């Protein structure tokens, strides 16, 4: 068919607006199936208190998943969030005991900014891939967390409300997570910054050539990620009333599993926060269900690893299909 | 009579139900050069890909060296001695010349690669081509033309009988082109049959024994190389008389928009000076590597300058990076659309609006719906064919439609100066005319100064108010108005 023929047919404003099935549909089906299964197999599952447990358990991971999704969309990844949360928790526990809550939270915030800047610096200015940079900071910061507490857990007094308060019967961490998710979704959909993240992830070279300030935008996103990890660490420490260097181990894996399950592409350029929240729910319900069914905890680890590989494989298959179509 | 080397008969090929080859015949004798001509989208590359076993025809017969093949795959084609040389280099730049020639088939003694043997054999092959390249040099340190010869040498070591050369001269200097032709003569005398794809009509008489012209999936002309007149070939390619000097309306000179003085880069061009007025379209014409595209890259901040100055509306402008240039009201369309232009996985509306987001709302927000409105407006004005409207992924559009979206990107951003590099590369004939019309119309209507770097003389004739001709990094002449003429362009740029 020649170009001129197709052109005459095309009055674009009249083009049919076909809504395709959203990419998250299979995930919703999977989530519902899983919930049905656990409702049938465990009498404790379908219960408002249990749902609260699920949400609280996913809130800490959820907080780091928000900038994590922004990063994944722009083609980057931050693996350092697990250790970063641990360091933040240790700082908080130490300073709250000695200087009070405000000082502790301010220090956590500053810490988050600094670690975000460091990650962002190596990725954007030096040009090290984010995978390697943040793998390095992950390892380094774990050591720092151990160093702060001398390898021990540090008890924290009088600051458990951040992790355990329930205004209007909703756990505070869940409220924080919900508000941040909404803010994140609006930023992604409605701001120049958010749209630019998609562009950078879709084609970093074209983003540069079209004049998008990619380095600035990525730097900012790494800083968000650092601050979110610090906040996650603070919530976790408040929940435990102690800074534990091992409390947040594996947080980065959970986060990436949820993000990729939610449909964000490892290649960048695709993904939504709604998808990530669904991914978190799938992981949360799975973990919770396994506990309720009295399945030994190491199976949770195995299930999580398998989910990560499945999610990434699914992403790869989808990319191949897209390449074939295009 | 059946040709003794290759005989393709009544080849049909459809992609997704659309037939792109409608029963094409092609034959090639040993020791013969067949020039294959045709516009983009005429079916040349599909046809040679079928010969190389890359894609299989919907129907038709393939005979290579006398054996008729029901199915031909890549391995079979290689076995039968079919080799392709592409315009893009396929070598390993960090390995030596010798290693590249025997890539993957290094001679071994007792299971270990024998460097001595490798170098000796490489030297032998290069001697056979009468090419003098040191076998120890890194392939990456050679000139493009030499690297291309290297690929031919590699094909020879693998017993090439049929060599397909896909626009090999596009990136070569004149000296290198001459050397390639000498090598081709060598190969001819050794009985290698060659299919030579080119856009340059002047090369046809020089190297080809026969010419075959494809148009819209049909073979429209086959004739002896020496007998084909230029006009006859152009008519066959286009399907109508060549558009001769359908020159754009001249404009009244208005305000000076761009002034470039003594601009130099480190290696690509030097001492370039010119100016462009509002509403004017100036083409910088030159072969690839002549420096024309590089000037625009430098003006947009993608390539460092070593000297000179640029004034935009009288103000000094230093292009440090693309962000600064875009903010200063300059737009840039790269030649490599896929790699540098489009955001493949994003929608056409997003691709179009990327430079206008900050005008589509306040405080860093983008009002919902405005992207789609902008897209629909431009889709109508520029006849962009997107079946699923604003939400369609840009990668699923045809080359011509993609290019229109990328042009509209800068129109929507209301730039004053637009820099275009090879704006119709990979765009089919019909859409090409559209794009010329769009560029001219927009330049006039929004008083935009447009600078086009191109290696396509027809483009210059149809597009330019004024043409600057470049060769080897320098502007060698300037043509205005009706003096912009294909023959003058080609002879001045060589």
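The values are calculated or read from the model by the stated rules, or taken from the named source; none is laboratory data. As the structure is a prediction and not an experimental result, all values here were calculated from the model. In this analysis, Cβ positions are derived from the backbone assuming ideal geometry, glycine residues included, and neighbour counts consider all displayed protein chains.
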| request: Tell me, yes or no, whether region A:39-47 has at least one residue that is within 14 Å of chain B (Cβ to nearest Cβ) and either within 30 Å of residue B:404 (Cβ to Cβ) or modelled with pLDDT of 80 or more (or both). | output: no
| request: Quick one: which helices (runs of 4 or more DSSP H) lie wholly within region B:136-243 and hold at least 2 residues that are in contact with a strand residue (DSSP E or B) (Cβ under 7 Å, 6 or more places away or on another chain), surrounded by 17 or more Cβ atoms within 10 Å (Cβ to Cβ) and at pLDDT 85 or above? | output: B:174-189
| said: Every residue in region B:112-133 that is in a loop (DSSP other than H, G, I, E, B) and closer than 20 Å to residue B:186 by Cα, please. | reply: B:129, B:130, B:131, B:132, B:133
| Selection status of residue A:202, crowded, with 18+ Cβ neighbours inside 10 Å, within 7 Å of another protein chain (Cβ to nearest Cβ) and under 22 Å from residue A:256 (Cβ atoms) | yes
| request: Could you check, for region A:182-189, whether at least one of its residues is surrounded by fewer than 20 Cβ atoms within 10 Å (Cβ to Cβ), without any contact (Cβ under 8 Å) to a residue 24 or more places away in the chain and away from chain B (no Cβ under 14 Å)? | output: yes
| message | For region B:247-262, check the following and say yes or no: at least one residue is at pLDDT 90 or above and outside any strand (DSSP E or B). | response | no
| said: So for region B:263-279 (the condition being at pLDDT 90 or above, assigned to a loop (DSSP other than H, G, I, E, B) and surrounded by 24 or more Cβ atoms within 10 Å (Cβ to Cβ)), does at least one residue qualify? | reply: yes
| Before we move on, is residue B:339 more than 7 Å from chain A (Cβ to nearest Cβ) and modelled with pLDDT under 90? | no
| Selection from region A:156-181 of residues that are surrounded by fewer than 12 Cβ atoms within 10 Å (Cβ to Cβ) and more than 18 Å from the chain's Cα centre (by Cα) | A:157, A:158, A:167, A:168, A:169
| Which one of the conditions (1) within 21 Å of the chain's Cα centre (by Cα); (2) away from chain A (no Cβ under 14 Å); (3) over 17 Å from residue B:164 (Cβ atoms) does residue B:227 fail to meet, given that it meets all the rest? | (1)
| Qualifying positions in region B:30-70 - more than 18 Å from the chain's Cα centre (by Cα), assigned to a helix (DSSP H, G or I) and more than 17 Å from residue B:14 (Cβ to Cβ) | B:51
| query | Right, residue B:8: in a loop (DSSP other than H, G, I, E, B) and over 17 Å from residue B:166 (Cα atoms) or not? | reply | no
| query | If only one of A:89, A:62, A:68, A:82 is in a helix (DSSP H, G or I), modelled with pLDDT of 90 or more and touching a strand residue (DSSP E or B) at 6+ places or on another chain (Cβ under 6 Å), which one is it? | reply | A:89
| note | In region B:90-105, anything in a loop (DSSP other than H, G, I, E, B) and either modelled with pLDDT of 80 or more or buried (at least 19 other Cβ atoms within 10 Å of the Cβ) (or both) is listed as B:91, B:92, B:93, B:94, B:95, B:102, B:103
| query | Among the residues of region B:311-323 satisfying the criterion of being touching a strand residue (DSSP E or B) at 6+ places or on another chain (Cβ under 9 Å) and without any contact (Cβ under 8 Å) to a residue 40 or more places away in the chain, which is surrounded by the fewest Cβ atoms within 10 Å (Cβ to Cβ)? | reply | B:316
| remark: Filtering region B:352-362 down to residues that are facing chain A (nearest Cβ under 7 Å) and at pLDDT 90 or above yields B:354, B:355, B:357
| remark: Those helices (runs of 4 or more DSSP H) completely within region B:363-476 that have 2 or more residues that are more than 8 Å from chain A (Cβ to nearest Cβ), surrounded by fewer than 19 Cβ atoms within 10 Å (Cβ to Cβ) and at pLDDT 85 or above are B:370-382, B:429-445
| said: I'd like to know if region A:144-153 contains one or more residues that are farther than 30 Å from residue A:53 by Cα, without any contact (Cβ under 8 Å) to a residue 60 or more places away in the chain and assigned to a helix (DSSP H, G or I). | reply: yes
| field | Number of the exception - residue B:43 against (1) within 14 Å of chain A (Cβ to nearest Cβ); (2) at negative phi | value | (2)
| From the options B:331, B:308, B:344, residue that is within 10 Å of chain A (Cβ to nearest Cβ), part of a strand (DSSP E or B) and in contact with a strand residue (DSSP E or B) (Cβ under 9 Å, 6 or more places away or on another chain) | B:331
